[in-house]
Amino acid sequence: MMAEKPPAPQYSCGAKRAAYINQGHPNVEEGVVTREVCIKTDSEGLNQACTSKENIRVKNCGDYYAYQLNPVVQDMAYCVYNRKTSCEPKVVHAKYGELAVVNCTLNSEKDFDSSEVEWTKLNSVKLPADGLSNIEMSDDKMLLNINNIADQNAGVYALFIPSTETSELVEVILYSAVEAGKKFYTVKEGGDVTINVEINVVPTPAADKITWVKVPNKKLNGDRYSLSEDKTSLTITGVTAKEAGTYRVSVKFEVGGKKFNKSSDVIVQLEEEEEEEESGLVM
């Protein structure tokens, strides 16, 4: 499609005078429309966005645009971009402390100026940003390395190239620091239950950083409770009404100099006994 803004940098369209549409492209329903074209002059000592104008006709054909051109200026070229960005994957999952990579490519018929590329985290934070100093950007600005990823990095990132209105969205999702395979366990009275959790932190915290309590804050004492060596598994034997309830596993860790304390709750409940129906004859 033809550029809708003054092309940059100088001579980016291969001519002293680059032409661009000074108005937006039509939609399909509008049919054939007239649009004003500006001719931008790039020459030594002169860089003006609209030194002369002309009218052209444009039609939106759905998958492409058709133009009826009317060149009136020597040494001019209509600036048309055939650029397509792609970011894969569209959703990036990562554990706390990992390196998360947002990788995009640009299919273009010609070189582009990386200064055109803009990245924004969709809460109006433009990159680079002081609060996101752990994000490194490649020289061509098409790749983001998020080092020591943590809470502040989760969200949606937008890639934008203003000159061609090219954009892509990538979502970065953090796994829960403490992730329980199941949130609810039902066990018969006197039965055993094993609760397993996964710690999604890199590097994995030492076992002494992981604690289990029975909510609200009761330590697990007694022979009925046993923890695995790495404390990611709790087994309760001979469960009674006293052991039923909510259990909380917490982990303390540090990422990029910032301390975190994350937790997850799991409920253990007794299986309800079905009442036996009395049988008999009704007289």
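The values are calculated or read from the model by the stated rules, or taken from the named source; none is laboratory data. None of the values given here were measured: they were computed from a predicted structure. In this analysis, Cβ positions are derived from the backbone assuming ideal geometry, glycine residues included, and neighbour counts consider all displayed protein chains. Please note that ligands, DNA and RNA were not included when accessible areas were found on the heavy atoms of the full protein model with its side chains. Shrake-Rupley method; radii C 1.70, N 1.55, O 1.52, S 1.80 Å.
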Positive end of the charge dipole of the chain (Lys, Arg +1 and Asp, Glu -1 on Cβ, about the Cα centre): tell me which of Leu174, Leu144, Ala244 has its Cα farthest that way. Leu144
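Around Val91, under 13 Å between beta carbons, what's the net of Lys plus Arg minus Asp minus Glu among the other residues?
Details: positive: Lys90; negative: Glu88, Glu168, Glu171.
Counting the neighbours of Val91, the net charge comes to -2.
Taking a ≥ b ≥ c as the square roots of the eigenvalues of the Cα gyration tensor of the stretch 154-283, is the shape rounded (a/c under 1.5), prolate (a/b larger than b/c) or oblate? Kindly include the intermediate steps, with their values, before the conclusion.
On the way: a/c = 4.34, a/b = 1.76, b/c = 2.47.
It comes out oblate by the Cα gyration axes.
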Using the heavy atoms of the protein chains and a 1.4 angstrom probe, tell me the accessible area per residue for the stretch 209-252 in square angstrom. 57
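With charges set only on the Cβ (+1 for Lys and Arg, -1 for Asp and Glu), what does the dipole of the chain come to about its Cα centre, in debye to the nearest 20? List each step's numbers first, then the result.
Details: 31 positive and 43 negative charges, 241 e Å.
Once rounded to the nearest 20, the dipole reads 1160 debye.
Classify the stretch 167-233 as rounded, prolate or oblate from the Cα gyration tensor: take a ≥ b ≥ c as the square roots of its eigenvalues, call it rounded if a/c is under 1.5, otherwise prolate when a/b beats b/c and oblate if not.
Numbers: a/c = 2.85, a/b = 1.84, b/c = 1.55.
Prolate, since a/c reaches 1.5 and a/b exceeds b/c.
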Distance in nm between pseudo-label sites at Thr105 and Thr235 (7 Å out along the Cβ direction from Cα): 5.0
Positive end of the dipole of the chain, charges at C-beta (+1 Lys, Arg; -1 Asp, Glu), about the Cα centre: which of Thr186, Val215, Val73 has its Cα farthest in that direction? Val73
Ser115 versus Thr34, label points 7 Å from Cα toward the beta carbon: distance in nm? 3.7
Want the number for Asn27 to Ser124: 0.36 nm per residue separation, take away the alpha-carbon distance, what's left? 32.0 nm
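What length, rounded to one decimal in nm, is gained on full extension from Lys188 through to Asp265, with 0.36 nm per residue of separation minus their alpha-carbon distance? Could you put the intermediate results ahead of the total?
Values: separation 77, 0.36 × 77 = 27.72 nm, distance 2.05 nm.
The span from Lys188 to Asp265 would gain 25.7 nm if fully extended.
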Taking H placed 1.01 Å from N in the peptide plane, check which residues at least 5 places from Ser52 or on another chain put their amide H under 5 Å from its amide H. Ile39
Given [x] 0.99; [y] 1.28; [z] 0.97, the label whose value is Rg/Rh (Cα atoms, Kirkwood Rh) derived from this model: [y]
Pick out which of Thr232, Thr85, Thr186 has the largest mean-square fluctuation in a Gaussian network model of the chain, springs linking Cα atoms closer than 10 Å. Thr186
Check the chain for me: any Cys whose beta-carbon has no other cysteine beta-carbon within less than 4.7 Å? Cys61
Would you mind computing, in nm to one decimal, how far apart the modelled labels at Glu171 and Val80 are, each placed 7 Å from Cα along Cα→Cβ? 3.7
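Sort Asp223, Asp192 by accessible area with a 1.4 Å probe, largest first.
The residues order as Asp223, Asp192, largest area first.
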